[in-house]
Amino acid sequence: MTKESKKADEGKKSGTKSGKKSGRKNKDAEDAPLRPLLRAPVGERLDLGAFDPASTPGGPAGKAAGLAATAALAGPLAALQERLYAASTAGDRRRVLLVLQGTDTSGKGGTVKHVIGLLNPAGCRVRSFKTPTQEEREHPFLWRIRKALPPAGEIGIFDRSHYEDVLIARVRELVSRSQLNRRYAQINRFEQSLADDGVTLVKVFLHIGYEEQRERLLERLDNPDKHWKFSPGDIEDRVLWPEYQHAYELALQRCSTDAAPWYVVPANRKWYRNWAICKLLLEHLEELDPRYPQAGFDVEESRKRLLET
């Protein structure tokens, strides 16, 4: 239990005014915009070591409150998702793309499961990007990304993305540094073109700690039902933890733009991670404010004819 949640719990038990004030304060924090708290600076050097992966900026006071707050987002999210899809039937080209990046065990798959659970799956497209196939390697690195983009009115979710080509490629030295620099620029141009075409990008880096990752990997080893999720290569990647952190810092620094900013979500606490990403999606959808299209037919005439049948 966090210090904040413990204080709130003690306030409820004692019935003191301080407990009520604390609860009101936490509720006000939940209702405040989350994007400014989590948004990575544009064009500035980023030090991930300065971000506490166990923190809960702007979040509810503890796990129980977090789960309740996440559940409360389901209705508004579903309503906005429906409006986004409805608007597309009248020619609105807008759509949303949630990009999830993070080290192994950071919770990309868990996030997908929990976010999809609050949305209509018929209006979502989830794509996971693994090691490129032979066909994909024969094309430019953005080729497979373009093919997976969500159509108008839908919400796309990428479990890993085009950023693999400046993360793994950098750490494993799969391409030259000059080619890496060109890729950062290509990504920025690509994302700007998506924004110009009506795509709202919500790019999230799931930030977990080194020790937390060890615990999660041990959980997989200790549970035979999760052995399929473990690879000896995960241990090799842990040896390269500093190199991966630096690669993420560079990607966030070089590719956080006004059109497509990055958000750093502390992910040690799974309940906060899920709440934060749902809240980020909600804020972006609210800003889009999609509207139901007006009927392209005579409503009263149709009503009259229907009643006559």
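The values are calculated or read from the model by the stated rules, or taken from the named source; none is laboratory data. All figures in this text were calculated on a predicted structure; none of them were measured in a lab. Cβ atoms come from the backbone with ideal geometry, glycine included; neighbour counts cover every protein chain shown. In case anyone asks, the SASA skips ligands and DNA or RNA and just uses the protein heavy atoms, side chains included. Shrake-Rupley method; radii C 1.70, N 1.55, O 1.52, S 1.80 Å.
See the values below:
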| read-out | value |
| --- | --- |
| Tabulated pairs, segment 230-253, first in a helix (DSSP H, G or I), second open to solvent by 80 Å² or more (accessible area, probe 1.4 Å) and not charged (D, E, K, R), C-beta under 7 angstrom, 6+ apart or interchain | W241/Y210 |
| Number of the condition not met by A148 [criteria: (1) touching a residue at least 24 places away in the same chain (Cβ under 8 Å); (2) of a type outside the set (K, R); (3) touching a strand residue (DSSP E or B) at 6+ places or on another chain (Cβ under 9 Å)] | (1) |
| Of the criteria (1) closer than 20 Å to A71 by Cα; (2) touching a residue at least 60 places away in the same chain (Cβ under 8 Å); (3) out of contact with any helix residue (DSSP H, G or I) (no Cβ under 8 Å at 6 or more places or on another chain), which one R93 fails | (1) |
| Residues of segment 187-222 classified as touching a helix residue (DSSP H, G or I) at 6+ places or on another chain (Cβ under 9 Å) and among the polar types (S, T, N, Q), total | 3 |
| From the options D92, D165, D104, residue that is of a type in the set (D, E, K, R) and closer than 22 Å to E286 by Cβ | D92 |
| Residue satisfying all of: in segment 114-144; more than 17 Å from the chain's Cα centre (by Cα) and part of a helix (DSSP H, G or I); nearest to V204 (Cα to Cα) among these | R144 |
| Filter result (touching a Phe, Trp or Tyr at 6+ places or on another chain (Cβ under 8 Å) and open to solvent by 20 Å² or more (accessible area, probe 1.4 Å)) within segment 251-281 | R254 |
| Within segment 196-243, considering residues that are aromatic (F, W, Y) and closer than 30 Å to T257 by Cβ, the one nearest to the chain's Cα centre (by Cα) | F205 |
| Among residues of segment 80-109, those that are open to solvent by 20 Å² or more (accessible area, probe 1.4 Å), closer than 29 Å to N268 by Cα and part of a helix (DSSP H, G or I), counted | 1 |
| Pair list, Cβ under 7 Å, 6 or more apart: segment 209-228 residue under 23 Å from G49 (Cα atoms) and open to solvent by less than 70 Å² (accessible area, probe 1.4 Å), other residue modelled with pLDDT of 95 or more and of a type in the set (G, A, S) | G209/A54 |
| Hits in segment 282-303 - residues which are closer than 30 Å to V115 by Cα and either in a loop (DSSP other than H, G, I, E, B) or open to solvent by less than 60 Å² (accessible area, probe 1.4 Å) (or both) | L282, E283, H284, L285, L288, D289, P290, R291, Y292, P293, Q294 |
| Test set (1) among the aliphatic types (A, V, I, L, M); (2) in contact (Cβ under 8 Å) with a residue 40 or more places away in the chain; (3) under 30 Å from E249 (Cβ atoms) - A87 fails condition number | (3) |
